[in-house]
Each structure stands twice: as C-alpha cells, then as structure tokens.
Amino acid sequence: MPVATYGLVALDCPDPRSLAEFYRGVLGGEVRNDYPDWYDLYAPGGARIAFQKAPDHRPPEWPRGDHNSQQEHLDFDVTDIERAEQEVLALGATPLDLDDRGGERPFRVYADPAGHPFCLCWH
C-alpha cells in the first residue's frame, strides 16, 4: 500500500509567472495562479508543474555534483529534435550541452529562463 500519490514538481524561481509561461510554450496546457507567488501549469495528459517565487534563487551549475549542484531536471520527449530545439531557444532557453554525438546520445540539455536544466529527448 503506497503512503502517498504523486502531486507535482515545484520549481523555485525569481518570476513564477514568466517561468510558467515558458513551460506552457514548451508543453502547452493552462497556467493558473491560485496563490500569491505560486503558479501551476496543468499540461496536457495530466502532468502538473508548479512555480514558486524564490527571490534569492540561484540556478544550479550543470553538470556539477558538488557545491550548487543540479538538484533536479526535467525530461521532455520530442519527435523532431531540430524543430524542438529551435522552439525552446525562441522561448528563452539557454543551451547547456548540445553534443548528442551525432545522434548517438538521445538527448540535449538546456536551461530554462531561471536556470533549471531540462532535456529534450528522442528515441
């Protein structure tokens, strides 16, 4: 018997509204603001990502494992990596590691506008 059920992933950031809109641009869905300094993205398919205001937020330094290391990252499946990359960059993503070794490695790594790492993955 499980103790709990999955609810959401929450990301700390300096501007939760704009980060929620960034991810809405990536995933689609609806952004809601039910609490001060907290926005939720309800993505198609039922996933939920929350964005919480953290005025002193410092983005993690990818791919470090020591001080200020990556705490989490999000993976998004895509069918056309080149098109998806152009779209996330246009939305404000920053490339962190685009060396997919000529398609051998099935992901590329980016940072969202608040500095959280995420991957575009294909199979």
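Descriptive notes on the structure:
- Scanning the range 67-123 for residues that are within 21 Å of GLU21 (Cα to Cα) and polar (S, T, N, Q) returns GLN86, THR94.
- Filtering the range 14-38 to residues that are touching a strand residue (DSSP E or B) at 6+ places or on another chain (Cβ under 6 Å), touching a residue at least 24 places away in the same chain (Cβ under 8 Å) and open to solvent by less than 60 Å² (accessible area, probe 1.4 Å) leaves PRO16, LEU19, ALA20, TYR23.
- The lone criterion from (1) open to solvent by less than 80 Å² (accessible area, probe 1.4 Å); (2) touching a residue at least 40 places away in the same chain (Cβ under 8 Å); (3) in contact with a helix residue (DSSP H, G or I) (Cβ under 7 Å, 6 or more places away or on another chain) left unmet by LEU41 is number (2).
- Any hit, the range 59-72, residues being closer than 19 Å to GLY7 by Cβ and open to solvent by 90 Å² or more (accessible area, probe 1.4 Å): yes
The values are calculated or read from the model by the stated rules, or taken from the named source; none is laboratory data. Just so it is clear, the model here is predicted, and its values are computed rather than measured. Neighbour counts run over all protein chains shown; Cβ positions are idealised from the backbone, glycine included. The accessibility values were calculated without ligands, DNA or RNA, using every heavy atom of the protein model including side chains. Shrake-Rupley method; radii C 1.70, N 1.55, O 1.52, S 1.80 Å.
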